[in-house]
Number of protein chains: 2
Amino acid sequence: MSRTPRTDATSTPLYQEVAEKIARLIEEGVLRPGERVSSLRRVSEQHGVSLTTAIQAFIWLEDRGLVEARPKSGFFVRVPRPVLKEPMMARTPRAVSEVTVGALQSRLFEAAMLPRVLALGGAVPSPELLPMVKLNRILASVARRAGKSGVSYDMPPGTEVLRREVAKRVMNSGAMLLPQEVITTCGATEGLMLCLRAVTVPGSVVAVESPTYFGVLHALESLKLRAIEIPTHPRDGMDLEALARVLKTRQVAACLAVPNFSNPLGALMPDANKERLVRMLAERDIPLIEDDVFGELHHGPHRPRLAKGYDEKGLVMLCSSFSKSLAPGYRVGWVAPGRYYEQVKTLKLTSTLATATLPELAIAEFLATGGYDHYLRGARAFYAGNVQRVAQAVAAAFPEGTRVTQPQGGFVLWVEMPPRVDALRLQDEALAREINIAPGPMFSPNQGYRNCIRLSCGVPWSPRLQEALQILGSLAKRHLA
Amino acid sequence: MSRTPRTDATSTPLYQEVAEKIARLIEEGVLRPGERVSSLRRVSEQHGVSLTTAIQAFIWLEDRGLVEARPKSGFFVRVPRPVLKEPMMARTPRAVSEVTVGALQSRLFEAAMLPRVLALGGAVPSPELLPMVKLNRILASVARRAGKSGVSYDMPPGTEVLRREVAKRVMNSGAMLLPQEVITTCGATEGLMLCLRAVTVPGSVVAVESPTYFGVLHALESLKLRAIEIPTHPRDGMDLEALARVLKTRQVAACLAVPNFSNPLGALMPDANKERLVRMLAERDIPLIEDDVFGELHHGPHRPRLAKGYDEKGLVMLCSSFSKSLAPGYRVGWVAPGRYYEQVKTLKLTSTLATATLPELAIAEFLATGGYDHYLRGARAFYAGNVQRVAQAVAAAFPEGTRVTQPQGGFVLWVEMPPRVDALRLQDEALAREINIAPGPMFSPNQGYRNCIRLSCGVPWSPRLQEALQILGSLAKRHLA
């Protein structure tokens, strides 16, 4: 770091000079929201100042809202609070619903494949945000070395090197998993499907968050399952009181939830709730399908715990993948289905027989060599900042009365607009302007949330993104005219 | 080719000397059953003899049963006829069956993963028979070049370069297919599953060959479908008279067949039957799911036609893959689902969302550059010879009264032993001797075919394979004692 010349030694105190340099790093995006600022000791060494001066510098930064202290962890670049309110928890109908979202999902993905369309629709990270060069290089190297194993079936449960890496990572999230409890899958999509097939029969009722990921709803629809929507709080996740009431009156075959950074709300279920959720379901021997695809993309310093960590009866079927956090196109995910291990492993044979071998091996190597951890550190800080930036732009551009979530992980925002805005119409209008968004009705089996949209923040900030958000806001305002 | 010195010029006519050299190439396996012998002109040039002498040499070889002439194609190494009779067509029960083969399939694959086990169980080519070095090298190169596209989702219908290559190949088999009619899948397994899901509901009845591939039965089982077994001739495939009778009395949701080299029988349905099959089903608007995974592995000179070529109503759902003929571990297959295109494409989203991008691109490149055709030429000749060799070893080692199929393509043999042989017991006994086989009951929803086994000839000939077949024969004989 270059020292700027001290033109006027008396006008600015030394601590402020240090603080201003750090502030500049934050402003220029070198240090990003959620990222840890150097320790006091390093700041003192780097700038040749005393520890006391370093402390004064941090206080100056904290006073100006640029950093925040976290107990026992040090100082972090402050994640700015959005100026909009959070959406309220929806009062979802208690009725059981047949599901029809397949057509909406196809429509969204077809729009995503059009050239020049800005990809705010799918919860898919932009390739330029992914370590594509490194990962493709590892795959190339693995492919050259693999020989026989590269072309051979990697029959379920899938390659052991990857299952071992997965088990190691899961230990950081408060659950104990052995490699032999893990089955690799073609993305979390296959994992969720296999779990649902293992524990339901056509007509079964599955409790889901509301709003919930349309892929889940589409899976239910294709298996002729019925959904019961559980109201879900934008910050704390599934409402356990509401779930308890449902369980008392209904036969529920399974509960499917995303406790860590739900989709589309980005809600993070508190640990106490995770534990309670697992216990409530265990009392009735109901399996919990836990989808953790966003778990590694926490904006705060700590990886949130898994509901699986509270599982004493083998009823939690944990699904995850590397599609949100590493390489969607590699199609590598995994599932730890607890007591349903044998069923899931056998069903995998009917679904795809095996997961593609070389992509599995490449990801295992990326994990084993620390590349994944290194990449994730940067990705978390990036998403923390980008989500905030998009939320602020929404605040500036969208109609009065708009609410937006404050996710603490992942990279999607849920935007609730005034009731007269029609998200399906907005989707069409936006697409005509080459912007793809996911309309609220995709996230509910009975096509509610008509005034909501989900925005992906997996696209780097750019003038085009900024303009697109302004366009969306203007279009929405016209619905009120 | 080195010339042996002519020690005694007068004792052997020149043509016989030439013929004996060619005979040695055949005996030593340099020229393999089904492979084309050099043209008359080339033989005459290579050996410095007249065309007449070359013709005499071929007549000498033909007289001794070493080569056979094929009209307009030249001389080919004769595929020896096996000494055993073919199995007879089974009289399969007309009842509709609930299916339970999942456990048997898991057992087979688990045995296959044990170290040192000789892989005669799965219909999986040995990796050393596959162009693994070339293909892995192409994947490595594609991965280095791919950049963004390598890590990105390749959403259904899948990458266009591969769909175009598929459409081009299909033209060689008497069907017209456009790239936009093709959807890539994670192997044919996913393709079959998507087709079944598109055209059935739980409880639907599906007409299948008997015996039939256990993967199909397992898929039916997992979808809660019911099978009706149609007797299938070891040489001509599904018995259309029997199918006609079933169609008159039963509501059938779909028919699933492998007209080209069925599994396990290796039957090749005559073209006239293919046409009739398609028409019969079309009259009732019943979809035909045509599985063509073995179609490229014909032992004769011509690629057999597809039933899809007779499809006028879009009712034929054609599934295939590169798993039998190129790279099982790449998990790349495809489906051309006719009028069910939209349903299959949408269901693919719920199953795996997308096929792994880079394996698709690598296979497309291998096809486009002619590597696949080159590889297939050798593979066909190899399998033709190896299947014969295994059949002959079975004839020598197995109990009297054993029958074996005479497949004209693919690489599996169906062995029908005397009624008192118990294939499930034989499977256990063989596994104790480190030999994996597929017992007959796996190929029927009601676990018939107890005295039959399927042997894969996807393992190169070796003393160990020869010994294994002797062991199997001895074990089977003991069942009769």
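Kindly indicate which of A:L361, A:L376 is touching an Asp or Glu at 6+ places or on another chain (Cβ under 6 Å) and within 25 Å of B:A143 (Cβ to Cβ).
A:L376
Yes or no, residue by residue, for (1) buried (at least 20 other Cβ atoms within 10 Å of the Cβ); (2) within 29 Å of B:P460 (Cβ to Cβ); (3) more than 14 Å from every other protein chain (Cβ to nearest Cβ):
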site	(1), (2), (3)
B:S39	no, yes, yes
B:L51	no, no, yes
B:K85	no, yes, yes
B:L118	yes, yes, yes
B:A123	yes, yes, no
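Look through segment A:309-322, keep the residues that are in contact with a Ser or Thr (Cβ under 8 Å, 6 or more places away or on another chain) and buried (at least 24 other Cβ atoms within 10 Å of the Cβ), and return whichever of them is nearest to A:G174 (Cα to Cα).
A:C319
Quickly run through segment B:261-294 and pick out the residues that are surrounded by fewer than 16 Cβ atoms within 10 Å (Cβ to Cβ) and hydrophobic (A, V, I, L, M, F, W, C).
Matches in segment B:261-294: B:A272 only.
So which residues in segment B:139-155 are touching a residue at least 12 places away in the same chain (Cβ under 8 Å), over 15 Å from A:R145 (Cβ atoms) and either surrounded by fewer than 24 Cβ atoms within 10 Å (Cβ to Cβ) or not small (G, A, S) (or both), if there are any at all?
Residues satisfying the conditions are B:V142, B:A146, B:S149, B:V151, B:S152, B:Y153, B:D154, B:M155.
Can you find a residue that is closer than 22 Å to B:S210 by Cα, part of a loop (DSSP other than H, G, I, E, B) and touching a residue at least 24 places away in the same chain (Cβ under 8 Å) anywhere in segment B:72-84?
yes
Taking strands (runs of 3 or more DSSP E) that do not extend beyond segment A:157-272, which have at least 2 residues that are under 21 Å from A:K348 (Cα atoms)?
Per the criteria, A:183-185, A:254-257.
Would you pick out the residues in segment A:200-215 that are within 13 Å of chain B (Cβ to nearest Cβ) and touching a Phe, Trp or Tyr at 6+ places or on another chain (Cβ under 8 Å)?
A:Y213, A:F214, listed by residue number.
Scan (1) closer than 16 Å to B:G158 by Cα; (2) charged (D, E, K, R); (3) away from chain A (no Cβ under 13 Å) for the single condition B:R389 breaks and write down its number.
So B:R389 meets the others, but not (1).
Report, by residue number, each residue of segment A:176-189 that is closer than 13 Å to A:D291 by Cβ and out of contact with any Asp or Glu (no Cβ under 9 Å at 6 or more places or on another chain).
Answer for segment A:176-189, where residues must be closer than 13 Å to A:D291 by Cβ and out of contact with any Asp or Glu (no Cβ under 9 Å at 6 or more places or on another chain): A:T185, A:G187, A:T189.
Look at B:R144 and say whether it is charged (D, E, K, R) and more than 14 Å from every other protein chain (Cβ to nearest Cβ).
So B:R144 does not fit the description; no.
All but one of (1) under 30 Å from A:S210 (Cα atoms); (2) exposed (fewer than 15 other Cβ atoms within 10 Å of the Cβ) hold for A:L104, so report the exception by its number.
Result: A:L104 fails condition (2) only.
Scan (1) without any contact (Cβ under 8 Å) to a residue 24 or more places away in the chain; (2) under 30 Å from A:T350 (Cβ atoms); (3) within 11 Å of another protein chain (Cβ to nearest Cβ); (4) not acidic (D, E) for the single condition A:V133 breaks and write down its number.
All conditions are met except number (2).
Listed residues B:R116, B:R107; which is of a type in the set (K, R) and either over 30 Å from B:A430 (Cα atoms) or not in a helix (DSSP H, G or I) (or both)?
B:R116 is the lone residue from the list that is of a type in the set (K, R) and either over 30 Å from B:A430 (Cα atoms) or not in a helix (DSSP H, G or I) (or both).
Return the residues of segment A:110-130 that are of a type in the set (D, E) and either in contact (Cβ under 8 Å) with a residue 12 or more places away in the chain or touching a Lys or Arg at 6+ places or on another chain (Cβ under 9 Å) (or both); say none if nothing qualifies.
Hit for segment A:110-130 is A:E128, nothing else.
Throughout, read-outs are computed from the coordinates displayed, never taken from laboratory work. All figures in this text were calculated on a predicted structure; none of them were measured in a lab. So basically every Cβ, Gly included, is an ideal-geometry build from the backbone, and we count neighbours across all protein chains shown.
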